[in-house]
Amino acid sequence: MAKKSKKNHPQSGGTPATVALTSAGITYTVHAYDHDPSHPSYGEEAAEAMGVSPERVFKTLVADVDGSLTVAVVPVAGQLDLKALASAVGGKRAAMADPALAERTTGYVRGGISPLGQRKKIPTVLDASASAHPTICVSAGRRGLEVELSPEDLTKLTDAVLAPIGRA
C-alpha cells in the first residue's frame, strides 16, 4: 500500500536521487510503499502499490554496450530491446551488465537503481514512450521509493537520449 506522497519536499536523509532533484529545482513527488521482497517484479510491485498504470512506471536497467555501461529506462510493462539500445547510443552489441558492477557503478542496489543521482555519470537512454505521459515514475534510489516527474525533466537532468528501446 502506498504511503503519503510528498511534493518537492527536501528530505533530511534523502536519497542521492531526491537530493539531485531538489538541487536542480525540479518539481517531483515522492511515493513510498512497503516493499515485499517476495514480489517477482520490483516495477510491477511499485505500479500496483501506487495505483499507477505500468506504462507510466519505468524501470532502470544497466547494460553493457560495446564494453561501456549504459542506463536504459523502460516501462515496467515491457522489456528492454538490447539491439535498439545499442543503436540508440551508436553501438553494435548490448547485453545486460553484471548486477554487482551495476550496483558499484551507480551506488544503488538492484531493484532500487535510479537513473538520477548515480555515483558515476553513465550515458542514459529513456524509452520514447515516456513522452506520451505528463509524468512518469522512476526509482528514487531504494526499493519501496519512487519519484514522479515529467519525462522532460528526467531527460534534462540525466542528459538522456530519447529513443524507442522498449518492447511489449
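The values are calculated or read from the model by the stated rules, or taken from the named source; none is laboratory data. Treat the numbers as computed from the prediction; the structure is a model and nothing was measured. Neighbour counts run over all protein chains shown; Cβ positions are idealised from the backbone, glycine included. Areas reflect the complete protein model, heavy atoms only, side chains present, ligands, DNA and RNA absent. Shrake-Rupley method; radii C 1.70, N 1.55, O 1.52, S 1.80 Å.
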Roughly how many percent of the accessible protein surface of segment 56-138 is carbon and sulfur, given a 1.4 Å probe and a whole-percent answer? 52
For the pair His39 and Ser53, how long in nm is the line joining their label points, each one 7 Å along Cα→Cβ? 2.0
Among Lys59/Lys121; Lys92/Lys120; Lys120/Lys156; Lys59/Lys120; Lys59/Lys156, which pairs are too far apart, with a Cα-Cα distance over 21 Å? Lys92/Lys120
Highest average packing first - 26-36, 68-78, Cβ atoms within 10 Å: 68-78, 26-36
What trypsin sites (Lys or Arg not before Pro) does segment 121-168 have in DSSP loop regions with at most 11 other beta carbons within 10 Å? Lys121
Relative contact order for the chain: what percent, with Cα pairs under 8 Å and sequence separation of 6 or more? 26
What is the Cα centroid distance between segment 52-72 and segment 134-168, reported in whole angstrom? 9
Accessible area per residue for the chain in Å², computed with a 1.4 Å probe and the full protein assembly in place, what is it? 49
Top positive-direction residue, dipole computed over segment 41-98 with Cβ charges, set Ala63, Ala88, Pro75: Ala88
For Met96 and Ser68, calculate 0.36 nm times their separation in residues minus their Cα-Cα distance, and state this gained length in nm to one decimal. 9.0 nm
Taking the structure as given and computing semi-axes √(5λ) of the Cα gyration tensor in Å, which label from [x] 23, 17, 16; [y] 39, 21, 11; [z] 28, 18, 14 fits? [x]
FRET efficiency (Arg167, Ala132; Cβ distance; R0 22 Å; to 0.05) is 0.90
Ordering of 112-119, 86-93 by packing [mean C-beta count within 10 Å, highest first]: 112-119, 86-93
